[in-house]
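Reviewing the structure listed below.
Taken together, the values in this text are just the output of simple stated rules run on the coordinates, not laboratory data. This structure is a prediction, so every number in the text was calculated from the model and none was measured. Virtual Cβ from ideal backbone geometry, glycine too; neighbours counted across all protein chains shown.
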Amino acid sequence: MHLRCINTDCASTLDLHDRALSCPVCGELLEVVVGPINVTPAELKHAWLQRRCSFDLRDLSGVWRFREFLPDGYSEIVTLGEGNNPLVEGRKTARWAGLRNLRFKHLGWNPTACFKDLGMTVGVTEALFMGARVVGCASTGNTSGSLAAYAARAGLRARVYLPAGQVSMNKLAQAIDFGAEIVHVDGSFDFALEQILHEANHNLYFLNSINPFRLEGQKTVMFELLEQLGWQAPDYIIVPGGNLGNCSAFGKGLAELHAAGFLSRLPRLVIVQAAGANPLARMWHTGAAQLEPVASPETEATAIRIGNPRSWKKALRAVRDTNGFVMDVTDEEIAEAKVMIGRDGIGCEPASATTLAALRKLTEQRQIDRDATVVAILTGHALKDTDYILKSRLREPALQGACCA
Ligand code: F0G
């Protein structure tokens with residue numbers, strides 16, 4: 001296994017455990033190249049299933065269970081039992097979106113209640129292996145809570161850069177609870193990310209999703225999902241997009257499974273952004289060759305209030321490789337969809353509801369057939385942003401007086 005530059009004209013390679021975050025030759029992002037897999041898909045499918053009956057820490061993790069496709073060489077892994085997240089059938093939500101076969105993969109049902117844990121288990125394991133003492137990230141909230149938890153578990157210090165006043169209180173509370181040092185940045189997430197990149201040095205191991213090890217963990221969502229579907233790809237997988245690391249990881253996971261002979265066909269990956277923070281959707285619709293950042297991103301779905309997503313080239317590759325597409329939905333559409341997901345007994349945070357909002361729009365516009373098999377990825381738990389729920393819903397006449405404050 002090694003690291004490789006994603007620019008195919010460059011394709012420089014580095015040692016797997018090199019600390020570079022970008023290509024030293026051309027500056028593009030790096031990715032992990034998985035070594036040759038010398039076991040057949042049938043044998044691996046069997047072994048992965050068997051591990052669900054084991055109490056070994058690596059087998060209990062829904063990430064490390066798929067370790068044949070993960071970076072190796074570690075004597076110790078940092079895990080909180082992440083992954084193994086169920087697929088939940090959409091009922092009212094399916095009817096509302098005009099679909100007959102809708103399921104939710106709920107990544108909010110992870111140790112810190114969001115998908116970031118799936119990447120953090122690998123990222124913090126790598127940080128520990130590299131001898132780091134301090135790990136850091138910029139965050140709209142979820143990455144910071146997850147980083148703080150895994151750092152605490154590993155005995156490392158965590159420093160998180162947050163856009164002041166733009167992070168949900170629940171997420172801030174998590175980061176504090178897990179003992180992170182909080183740096184409030186006066187500006188957007190994009191600015192906070194620039195700040196930490198500027199200040200990062202050898203003493204701070206950087207764990208935003210441009211760190212390729214994070215994406216290795218997150219790609220296993222596709223492994224687990226396809227295992228749950230009996231290795232039959234759904235027609236569509238719908239995922240929210242912010243800094244565009246997660247959808248990139250999904251694309252990588254699908255490409256690797258396809259290349260290794262696990263899948264006969266690929267699902268179409270659909271990335272959904274909030275309309276006020278939609279640089280990739282704009283690029284997709286205009287056909288522009290370069291991403292134009294949104295200078296002042298605005299959306300109530302604060303998790304994805306991001307104007308300058310760093311992994312856009314990886315995300316675009318994921319969409320093109322899977323014959324997918326990119327779209328956006330308004331805050332009003334997100335709010336309606338979020339209520340429906342709650343009514344189905346599932347719940348999620350606002351950013352995750354972009355998926356259902358997008359599906360309703362797509363069936364209304366007849367871009368998706370009502371018989372299509374669809375999996376929507378819910379990225380965060382409903383309790384990640386309780387202010388959003390209370391502010392938007394307590395105005396309803398039936399709920400007035402429900403708040404004791
Ligand atoms: N959904 C939720 C709940 C998120 O927290 C994020 C990103 C996304 C979707 C988008 O994922 O960035 O990989 O495209 N949250 C980051 C954070 C930026 O700091 O917590 P992405």
The number of residues in the stretch 67-96 that are assigned to a loop (DSSP other than H, G, I, E, B), of a type outside the set (Lys, Arg) and under 16 Å from residue 373 (Cα atoms) is 1
Out of (1) surrounded by fewer than 18 Cβ atoms within 10 Å (Cβ to Cβ); (2) under 17 Å from residue 380 (Cα atoms), the one residue 74 does not meet is (2)
Please go through (1) touching a helix residue (DSSP H, G or I) at 6+ places or on another chain (Cβ under 6 Å); (2) over 24 Å from residue 381 (Cβ atoms); (3) charged (D, E, K, R) for residue 9 and return the number of the only condition it doesn't satisfy. (1)
Output the number of residues of the stretch 227-243 satisfying the condition of being free of Cβ contacts under 8 Å to residues at least 60 places away in the same chain and over 9 Å from residue 267 (Cβ atoms). 2
The residue from 173, 180, 158, 152 that alone is surrounded by 24 or more Cβ atoms within 10 Å (Cβ to Cβ), among the hydrophobic types (A, V, I, L, M, F, W, C) and over 30 Å from residue 33 (Cβ atoms) is 180
I'm told residue 120 meets every condition in (1) away from the ligand (no atom under 16 Å from the Cβ); (2) touching a helix residue (DSSP H, G or I) at 6+ places or on another chain (Cβ under 6 Å) except one. Can you identify the failing condition by its number? (1)
Flagged in the stretch 215-237 as farther than 21 Å from residue 71 by Cα and charged (D, E, K, R), in numbering order, are 235
Specify the residue that is nearest to residue 262 (Cα to Cα); the eligible residues are those in the stretch 26-43 that are in contact with a strand residue (DSSP E or B) (Cβ under 7 Å, 6 or more places away or on another chain) and among the β-branched types (Val, Ile, Thr). 33
Only one of 180, 200, 259 that is in contact with a Phe, Trp or Tyr (Cβ under 6 Å, 6 or more places away or on another chain) and more than 12 Å from the ligand (Cβ to nearest atom): 200
Residues that are farther than 11 Å from residue 319 by Cβ and crowded, with 24+ Cβ neighbours inside 10 Å, drawn from the stretch 255-270: 267
Can you pull out every residue in the stretch 1-34 that is over 24 Å from the mean Cα position of the chain (by Cα) and not β-branched (Val, Ile, Thr)? 9, 10, 11, 12, 14, 15, 24, 26
Being free of Cβ contacts under 8 Å to residues at least 24 places away in the same chain, within 14 Å of the ligand (Cβ to nearest atom) and either out of contact with any helix residue (DSSP H, G or I) (no Cβ under 8 Å at 6 or more places or on another chain) or over 30 Å from residue 133 (Cα atoms) (or both) narrows it down to one residue among 280, 291, 269; which is it? 291
